[in-house]
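The values are calculated or read from the model by the stated rules, or taken from the named source; none is laboratory data. Just so it is clear, the structure is predicted and the values come from calculations on it, not from any experiment. Positions of Cβ are backbone-derived with ideal geometry, glycine not excepted, and every protein chain shown enters the neighbour counts. Just so you know, the surface numbers come from the protein's heavy atoms only, side chains and all, with ligands and any DNA or RNA stripped out. Shrake-Rupley method; radii C 1.70, N 1.55, O 1.52, S 1.80 Å.
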Amino acid sequence: MTQLELKDVTVYYDEVCAVKNVDLTVSQGDFLGIIGPNGGGKSTLLKTIIGIVAPSEGAVIKAPDLRIGYVPQFSSFNKSFPISVYDVVLMGRLSKGIRIGKKYKKEDHDAVKRILKTLSLSGLAERHISELSGGQLQKVLIGRAMVSNPNMLILDEPTSNLDGAARSEIYELLKLLNKAMTVVIVSHDMAAISSYVRQVACLNETLYYHGDTEHVGDGIERAYGCPVDIIAHGKPHRVFIEHEGVRL
Ligand SMILES: Nc1ncnc2c1ncn2[C@@H]1O[C@H](COP(=O)(O)OP(=O)(O)OP(=O)(O)O)[C@@H](O)[C@H]1O
Ligand SMILES: [Mg+2]
């Protein structure tokens, strides 16, 4: 069942065209990875999907029951903000129509406790967020996105700044969550992309490829404008033809 459809979406920031003529369909249960070079419009596309950036042209069509949980790009979160793990996750209930300063209900607290348990974060509930590792903080931000009970989780580079073990943990978690909800993830991590996601979209202003991960080769190369290493099925491959004059 289609949850989300982008039809010929173009996004401009004043004169700058960030996303051009993008068509994209996301169905329930998909695990979609969006890849592409820096400045290629990935974050803009996600922001257009969740509605914080308006398309200049085209349409974003959402299923009536679509509920999106969004984890923004890591750098946009202020780690020094004086708040505990519990309260960060609780903030995720604000999107349920509760305003800051308004009292939370028992069901809000129950939801937070349930999510902390799911993410194995209960032991860190009272910890100040500045005292977390990068991987733990990332899980807390996923918790904040999940606590409003989404059926689609959208994450913008959730594993940047994390080491291999922490990355794997996040991807394993997403794999688990994908059993219950659609997952859309932006990542530069080709190895993880090829071993976890099932659909892939290559974006560099325009969309070069959207389909299964098996046939991504040409699209990835055109989006990046150069060969890209990918680890397919756990084995490192250079699957793309080298450009003339490009040193690897
Ligand atoms: N708020 C903004 N105002 C003006 N231009 C912007 C704004 N946000 C992004 N851009 C521009 O839009 C283009 C796409 O940016 P975007 O952040 O979507 O790329 P990205 O693919 O997420 O990059 P990265 O991999 O570095 O996160 C870039 O040229 C960027 O400079
Ligand atoms: Mg980005």
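The table that follows gives values for the structure above.
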| read-out | value |
| --- | --- |
| Potential extension, Glu15-Ser160 segment - 0.36 nm per residue separation minus Cα distance | 49.3 nm |
| Entries of Lys103/Lys175; Lys47/Lys79; Lys7/Lys105; Lys7/Lys175; Lys103/Lys139 with Cα pairs more than 30 Å apart | Lys103/Lys175; Lys7/Lys105 |
| Length added when fully stretched, Ile50-Ala180, from 0.36 nm per residue minus Cα-Cα | 44.8 nm |
| If the convex hull is drawn through the Cα atoms of the chain, its volume per residue in Å³ | 145 |
| Cα-based reach from Lys42 at 15 Å (exclusive), listing aspartates and glutamates while leaving out same-chain residues under 8 positions away | Asp23, Asp156, Glu157, Asp189, Glu205 |
| Choice from Leu207, Leu132, Leu116 showing the highest fluctuation, given a GNM over the chain with Cα pairs closer than 10 Å | Leu132 |
| Accessible surface of the range 76-149 [probe 1.4 Å, protein heavy atoms]: carbon and sulfur percent | 52 |
| Residue among Pro37, Pro82, Pro72 with the largest mean-square fluctuation in a Gaussian network model of the chain, springs linking Cα atoms under 10 Å | Pro82 |
| Label-point separation, Gln73 to Lys117 (7 Å along Cα→Cβ), nm | 3.7 |
| Modelled FRET efficiency - R0 30 Å, Leu94 with Asp218, Cβ distances, 0.05 increments | 0.10 |
| Residue-averaged [θ]222 nm for the chain, counting only DSSP H segments that reach four residues, each worth -39500 (n - 2.57) | -8500 deg cm²/dmol |
